[in-house]
């Protein structure tokens with residue numbers, strides 16, 4: 001409340017001053033307070049306050065949690081001991097860390113590689129406007145529209161070892177049922193498949209809109225020169241789509257790194273740690289057990305932020321080099 | 001000029017609108033945080049983990065009646081069980097804890113540890129009538145921090161039709177061997193054996209404990225031969241096809257849904273399914289969970305404690321005590337039991353009254369009497385850490401990541417590292 005009131009004051013102040021301004025702008029007023037500056041500040045203020053409240057504060061709080069030893073008692077009493085990087089060291093040395101890191105890498109890169117490939121294939125497919133293509137394209141958006149809890153539960157039911165439809169189909173063809181969610185070898189693959197299905201619409205939409213910006217003349221000219229469809233794809237579509245592809249991959253990466261809900265609903269990161277990613281690990285430490293352990297959870301969260309940042313800078317670097325060339 | 005003026009006015013009104021909305025937002029959030037804790041209002045706040053009971057429910061009526069008796073209105077807010085612990089911690093951190101919380105019993109010691117709860121002695125409440133095994137979950141360092149408003153626990157439900165068909169007499173199931181033999185018979189008769197929940201959460205540990213304790217194992221030593229025997233029992237059932245593989249991911253609700261399909265001979269589940277079992281399409285019954293070599297295995301106690309968080313304004317305690325007392329008289333216990341249909345009163349007197357009204361609950365009263373608190377034996381806040389290690393071991397063994405022996409040895413090492 002106290003942190004909001006300056007905004008109200010400055011916002012309202014800007015409004016009042018500008019509002020009571022006489023019809024002819026007096027030079028004295030203008031020299032001291034340029035009304036357009038006040039209006040600009042008033043417009044910026046909500047955003048700045050929003051950013052401070054919802055970005056800067058949580059980020060600072062996350063770091064604060066991760067460098068103190070917050071037991072539940074310390075959390076309530078507010079007297080957590082400063083431990084520096086102790087929590088980070090413990091996280092990195094934990095036996096869960098290598099598993100979680102490996103799972104995160106497999107889950108993230110597996111997801112975005114397939115999502116991107118299928119999304120691009122579908123986008124190219126829908127570029128040729130045929131009858132019902134708009135309707136079909138809209139249908140492909142369904143995974144995006146469903147609440148995650150619904151789609152994740154549906155996947156969990158479909159992949160159920162005993163009553164799932166996938167195993168029923170396998171049985172109909174005389175194949176052995178597979179313990180999709182409950183065997184250590186399959187659980188990560190199963191949640192990755194579900195996540196791919198969820199991510200295709202996002203890739204489809206962004207890449208499709210990117211394709212709209214490629215002029216048709218290029219394709220026509222290439223067709224006249226006798227370039228095959230394959231050649232046109234690799235020599236026109238791919239190079240011209242590169243900026244859009246890069247941002248799609250980057251956003252996909254950041255989304256996928258922090259996926260918790262799909263995995264949590266389907267396997268809770270199990271069996272054992274076999275489908276535990278860094279994000280799941282962080283969530284489990286903080287909220288998954290009877291005893292909230294905020295400090296290590298925040299440390300894992302910080303590691304995730306750093307990973308995402310590294311890839312963000314990588315993207316900026318690539319973009320800069322591309323613009324320079 | 002005219003044009004310019006109109007544009008300025010548009011800016012100004014937009015800015016004013018933005019300012020007003022900020023002010024409204026600010027007012028809203030301010031109102032919420034200052035809503036609790038003013039003594040003069042005559043409104044007392046109450047949190048419980050029963051979101052399924054809305055404002056028009058019998059439960060809400062019961063809560064309000066206790067408020068009226070004490071001459072105040074109760075403002076009740078319901079959270080999901082796990083969310084409630086987090087909300088309570090956050091509220092305590094902000095100094096805005098509610099007057100009364102009903103909280104799941106393993107969480108009592110966690111909250112007590114933070115110093116946010118008053119002790120029962122401070123309130124001058126009498127707990128001598130409460131069954132000791134039930135009160136134990138709320139005791140930390142010899143001080144009770146809450147009173148159970150009722151208790152529930154686990155038993156073994158059976159499908160009488162399936163057992164008839166397989167020629168199994170439920171009374172013959174008295175120890176692990178006879179149970180496994182019964183499961184074999186049921187499976188041979190083309191039914192499914194047993195379903196339970198081995199999910200990687202507290203529920204998984206809750207369901208495993210009767211077997212763990214029934215073997216004679218102790219939570220301070222997860223890798224004892226007794227513990228391994230209990231995990232091997234479950235693992236054996238999965239390997240032999242007596243229990244479905246999906247138990248690894250199943251919650252207690254899911255396993256109950258499976259049991260209700262009518263295919264299963266047995267299901268390990270709790271007091272809260274009594275009504276649902278009575279309404280099932282087939283005849284059901286319950287037997288006590290058997291210990292390894294016969295007798296009743298101690299099942300973990302479930303159920304909520306009523307606790308009173310510390311308030312800066314101690315003059316509120318007087319009314320709070322009246323509210324707590326209203327919930328914990330013998331009549332109060334029975335009324336709560338009837339409102340919920342699945343709570344067994346935690347006092348002998350309350351249990352007798354309940355049985356007079358509802359003799360069918362006899363096996364459940366017996367189960368609750370032999371049940372054991374998860375945080376008792378002085379485990380307190382170590383329990384959640386041990387429990388996490390234990391359910392991870394169960395998951396690892398059942399899914400085949402490692403053998404029961406190895407899984408439990410890892411669990412013991414993890415638990416020791418976490419609690420030291």
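Each row is one residue, and each column tells you yes or no for (1) within 28 Å of residue A:74 (Cα to Cα); (2) under 16 Å from the mean Cα position of the chain (by Cα).
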| position | (1), (2) |
| --- | --- |
| B:80 | yes, yes |
| B:84 | yes, yes |
| B:108 | yes, yes |
| B:131 | no, no |
| B:136 | yes, yes |
| B:144 | yes, no |
| B:156 | no, no |
| B:169 | no, no |
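So is residue B:83 assigned to a helix (DSSP H, G or I), out of contact with any strand residue (DSSP E or B) (no Cβ under 9 Å at 6 or more places or on another chain) and within 14 Å of chain A (Cβ to nearest Cβ) or not?
Working: assigned to a helix (DSSP H, G or I): yes; out of contact with any strand residue (DSSP E or B) (no Cβ under 9 Å at 6 or more places or on another chain): yes; within 14 Å of chain A (Cβ to nearest Cβ): yes.
So residue B:83 fits the description; yes.
Condition check: touching a helix residue (DSSP H, G or I) at 6+ places or on another chain (Cβ under 6 Å), more than 14 Å from chain A (Cβ to nearest Cβ) and over 27 Å from residue B:67 (Cβ atoms). Does residue B:370 satisfy that? So that I can check it myself, show each step before the final result.
Details: touching a helix residue (DSSP H, G or I) at 6+ places or on another chain (Cβ under 6 Å): no; more than 14 Å from chain A (Cβ to nearest Cβ): yes; over 27 Å from residue B:67 (Cβ atoms): yes.
Considered against the rule, which asks whether it is touching a helix residue (DSSP H, G or I) at 6+ places or on another chain (Cβ under 6 Å), more than 14 Å from chain A (Cβ to nearest Cβ) and over 27 Å from residue B:67 (Cβ atoms), residue B:370 comes out as no.
Is segment B:66-78 home to any residue that is within 14 Å of chain A (Cβ to nearest Cβ), part of a helix (DSSP H, G or I), on the phi < 0 side of the Ramachandran plot and in contact (Cβ under 8 Å) with a residue 12 or more places away in the chain? I'd like the intermediate steps shown before the answer.
Within segment B:66-78, the first condition is being within 14 Å of chain A (Cβ to nearest Cβ), and the residues that meet it are none.
The answer is no, given that none of the residues of segment B:66-78 is within 14 Å of chain A (Cβ to nearest Cβ), part of a helix (DSSP H, G or I), on the phi < 0 side of the Ramachandran plot and in contact (Cβ under 8 Å) with a residue 12 or more places away in the chain.
Yes or no: segment B:201-209 includes at least one residue that is more than 16 Å from the chain's Cα centre (by Cα) and away from every other protein chain (no Cβ under 13 Å).
If we filter segment B:201-209 for residues that are more than 16 Å from the chain's Cα centre (by Cα), which is where we start, we get none.
No, there is no match, as no residue in segment B:201-209 is more than 16 Å from the chain's Cα centre (by Cα) and away from every other protein chain (no Cβ under 13 Å).
Sort out which residues of segment B:86-99 are part of a helix (DSSP H, G or I), within 19 Å of residue B:51 (Cβ to Cβ) and touching a strand residue (DSSP E or B) at 6+ places or on another chain (Cβ under 9 Å), and write them in order of number.
Selection gives B:87, B:88, B:91.
Do you know which residues across segment A:65-87 are more than 10 Å from chain B (Cβ to nearest Cβ), without any contact (Cβ under 8 Å) to a residue 40 or more places away in the chain and out of contact with any strand residue (DSSP E or B) (no Cβ under 8 Å at 6 or more places or on another chain)?
Answer for segment A:65-87, where residues must be more than 10 Å from chain B (Cβ to nearest Cβ), without any contact (Cβ under 8 Å) to a residue 40 or more places away in the chain and out of contact with any strand residue (DSSP E or B) (no Cβ under 8 Å at 6 or more places or on another chain): A:79, A:84, A:85.
Just to be sure, is residue A:284 out of contact with any helix residue (DSSP H, G or I) (no Cβ under 7 Å at 6 or more places or on another chain), in a helix (DSSP H, G or I) and buried (at least 20 other Cβ atoms within 10 Å of the Cβ)?
Values: out of contact with any helix residue (DSSP H, G or I) (no Cβ under 7 Å at 6 or more places or on another chain): yes; in a helix (DSSP H, G or I): yes; buried (at least 20 other Cβ atoms within 10 Å of the Cβ): yes.
Yes: the conditions hold for residue A:284.
Out of B:382, B:414, B:406, I need the residue that is within 13 Å of chain A (Cβ to nearest Cβ), without any contact (Cβ under 8 Å) to a residue 60 or more places away in the chain and closer than 30 Å to residue B:347 by Cβ. Which one? Break it down into steps so the answer makes sense when it comes.
Working: B:414 fails: closer than 30 Å to residue B:347 by Cβ; B:406 fails: closer than 30 Å to residue B:347 by Cβ.
So the residue among B:382, B:414, B:406 that is within 13 Å of chain A (Cβ to nearest Cβ), without any contact (Cβ under 8 Å) to a residue 60 or more places away in the chain and closer than 30 Å to residue B:347 by Cβ is B:382.
I'd like to check which helices (runs of 4 or more DSSP H) are fully inside segment B:100-204 and have at least 3 residues that are touching a helix residue (DSSP H, G or I) at 6+ places or on another chain (Cβ under 8 Å). Let's see the steps before the verdict.
Values: elements: B:105-113, B:132-135, B:160-166, B:176-188.
The helices (runs of 4 or more DSSP H) meeting that bar are B:105-113, B:160-166, B:176-188.
Please pick out the residue among B:113, B:143 that is modelled with pLDDT of 85 or more, over 26 Å from residue B:58 (Cα atoms), in the same structural domain as residue B:348 (by TED's automatic domain parsing) and touching a strand residue (DSSP E or B) at 6+ places or on another chain (Cβ under 9 Å).
On the way: B:143 fails: touching a strand residue (DSSP E or B) at 6+ places or on another chain (Cβ under 9 Å).
Criteria check complete, one pass: B:113.
In this structure, is residue B:127 surrounded by 22 or more Cβ atoms within 10 Å (Cβ to Cβ) and either on the phi > 0 side of the Ramachandran plot or in the same structural domain as residue B:141 (by TED's automatic domain parsing) (or both)?
Working: surrounded by 22 or more Cβ atoms within 10 Å (Cβ to Cβ): no; either on the phi > 0 side of the Ramachandran plot or in the same structural domain as residue B:141 (by TED's automatic domain parsing) (or both): yes.
Judged against the criteria, residue B:127 is not a match.
The values are calculated or read from the model by the stated rules, or taken from the named source; none is laboratory data. None of the values given here were measured: they were computed from a predicted structure. Heads up, the Cβs are rebuilt from the backbone with ideal geometry, glycines too, and the neighbour counts pull from every protein chain shown.
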